[in-house]
Amino acid sequence: MTKIDKSVLTFGITIFLKFMLFDILWCIPTTFASLSTVECYTTKLIATLILLIPYAFFRMWKTETLIMFLLDFLLIANLMYFRTYYTAIPLNSYGLSGNLADFTGSVFDSLRWYDILFPLSTLAAAVVHRRTKTAHQKRPAPVLAYSVVLAVIVCIFGTVTLIKGGFSNAYKEYRDKAYFCSSGPSLYTVFGSLCYDLAAQQQKLTPELEAKIEEWLSKKPKHEVALPDSSTNRRTNCIIILAESLESWVLEKEVEGQEITPYLNKLLKDSTTIYAPHVLTQVKGGRSIDAQLILCTGLLPINSGTYSSQYPNHVYPSLQKAMHEKNHSRNYLLTIDKISTWNQGPIAQSFGMDTIIAYHDFELTEAFGTHKRTGDGSFFAQCQEKIEKEEIWKEGGNAYMQLITYSGHAPFILPEYLREISFSSDIPEKMGNYMITARYTDKAIGKFVEYLKTLSQYKETLIVITGDHEGLASYRAELCESPGGKGIVSDKQFTPFIVVNSPIGMRYDEVMGQIDMYPTLLNLLQLDDYYWTGLGESILNPEKKGFAVGSQMNVEGEGYSPEDEDFAKEAYDISVIIYRIIRFHSFLKLYGILPTNYCFGTSNHFRTKHLKMFMFNHPSIKYLTFCIIYDCITLIIGNIKRFRFKF
């Protein structure tokens, strides 16, 4: 064997070991079950042989080294993403990399020291090549033998995949399994995950898919009125506080003699408060923007990517629109983020927001983090000032206000002058920082709620406080096992659901999903006649079963059957299909092909004569054409309507 042959082996083995190292790091917090499959190794061999072509055939060692460095970057980026979102980077999210500028601290917090092994292996391979290469006989690898080996491996992979119904079906089947739901990138490599995302985007809306939704909705428990229709006890205003990364375990808890959330704990004791401590996180790659979707529309996030980038101009059903229809409310979004972050601007408009108060409308005070953002204390103080000046929520009018906090973002490092509590070295640093930040947010929320109680319209105001998603991500297992965190930090991804000044008070200790908040709020706001009641179930329904399915298909709770579990898991797929229907119906309504009161949530909603005529006749051509035209028109309309927003 010549020395140049050794270089082929060096580069090839190094690339293959990179994939295996990625798999090991990926599987540690999930499961190593994927390493026992044929697909796991055949896909890596295929990827290795393809990536090795520049050197094997053309002896371009510098190009090969560059490719390996790019592979290192791709693998590390996906591991960092996984440590927070428990999935690979979705295809569409590569175009949203600009969002990272606002979350640099969280990004660096996702790095691990051993990630450096990836680029070090590339450097080592390059050094070995330079030391072993010779100036003579630079013959390429035999093309025929190389191609035969590649073809054999492809055939093995293809045969196994076809037996399972094809690539998309096999990937989906693994994703729906309890122990394989996060194993896609380990089974098929990052490239396979991207291929699945691309294939999912090409899926066409068919009559069969619509029938599937109709059948699922018909089996879903019917949304019922929970409160008597009383004009004296109605809530015509709604204020929702989405607290960044707020988890339930910090509530009603003392650590080293210090109460973590004294104000929220005080609210929980009020007879007019509803408290549900076990709300299972159901957000996916969109995180905070996914939480807004679940809470406001009663839909679940898409399986890959973010709905805000793929479906920004849809005509969504929403809590805001229900409030406006019945109470003639003015709808406000208040956030210290930029409207470009997660595409918040177009989404807010699609949800029915009338006014956006965002980044440039707030003074940058109590700011901290890599990219300075207004702290929660200052944020709520400025929101109070805007109400006092009647810049928002004018006297005599009804309002829906959605406030999005920011200070709870990882890595949870609060400036010293804002800290009110501290902990000994017995408490893990990450856990301590999280509790210190939670105390800061608790105080900020407390001052704002106390101000709201002084307003004349408080009696008719419902205040909702909830975490947008869990916050500890990959640190959870480590903190739960540590001496300082054991018995304090929850091993479940639970966020709190608190309703202040509710028409009824209660504590709901069963497990619920974030998806159940939307129908619960419809009950409490007496908006039960709104056409879309969501995919979840109100906790005011005494027949509701106390369980939920998380974004990783993890099931928490009890009192459910296997059929209940399968039905709840199917809701994620149903939601994805509904996005396509909303897209199509938005165009049809715009041009009067469907009446404006036509919706996917009403009876016989897929049997309309016009829908059949326009959709089932050459569905792929018609649907694609309508979608393209619709996107263009809504883009123009959206720009025209921008004068309604305060940027």
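The stretch between residue 563 and residue 486, if pulled fully straight at 0.36 nm per residue, gains 24.3 nm over its current Cα-Cα span.
Evaluated with a Cβ-only charge set (Lys, Arg +1; Asp, Glu -1), segment 422-570 carries a dipole of roughly 860 debye about its Cα centre, given to the nearest 20. Packing, taken as the mean count of other beta carbons within 10 Å per residue, orders the peptides 359-368, 186-195, 241-250 from highest to lowest as 241-250, 186-195, 359-368.
Can you flag which of 453/544; 386/459; 284/326; 18/172 are past 27 Å Cα-Cα? Beyond 27 Å between Cα atoms: 453/544; 284/326. Ranking of 506, 353 by solvent-accessible surface, largest first: 506, 353 (1.4 Å probe, protein heavy atoms only, all chains present). Exposure check, 1.4 Å probe, all protein chains in place: residue 409 carries approximately 40 Å² of accessible surface. Among 375-382, 411-418, sorting by the average number of other beta carbon atoms lying within 10 angstrom of each residue, highest first, gives 375-382, 411-418.
On the protein heavy atoms, probe 1.4 angstrom, tell me the percent of accessible surface of segment 389-485 carried by carbon and sulfur. Ligands and nucleic acids excluded, carbon and sulfur reach 51 percent. Ranked by the mean number of other Cβ atoms within 10 Å per residue, highest first, peptides 458-471, 211-224 order as 458-471, 211-224. With the convex hull drawn over the C-alpha atoms of segment 278-326, the volume per residue is 80 Å³. Output the pairs from 222/569; 253/447; 269/443; 338/447; 253/430; 492/545 with a Cα-Cα distance over 23 Å in this structure; if there are none, say none. As for pairs spanning more than 23 Å Cα to Cα, those are 338/447. With semi-axes defined as the square roots of five times the eigenvalues of the C-alpha gyration tensor, the equivalent ellipsoid of segment 191-339 measures 33, 24, 17 Å, largest first. Counting only Cβ charges, +1 for Lys and Arg and -1 for Asp and Glu, the dipole size of segment 447-507 around its Cα centre is about 260 debye. At full extension, residue 17 and residue 325 could sit 105.0 nm farther apart than now, given 0.36 nm per residue minus the alpha carbon distance. Given a 1.4 Å probe and the protein chains as shown, residue 30 ends up with an accessible area of around 50 Å².
The values are calculated or read from the model by the stated rules, or taken from the named source; none is laboratory data. In this text, all values refer to a predicted model and were calculated from it rather than measured experimentally. Neighbour counts run over all protein chains shown; Cβ positions are idealised from the backbone, glycine included. We work out accessible area using only protein heavy atoms, side chains counted, and drop any ligands, DNA or RNA first. Shrake-Rupley method; radii C 1.70, N 1.55, O 1.52, S 1.80 Å.
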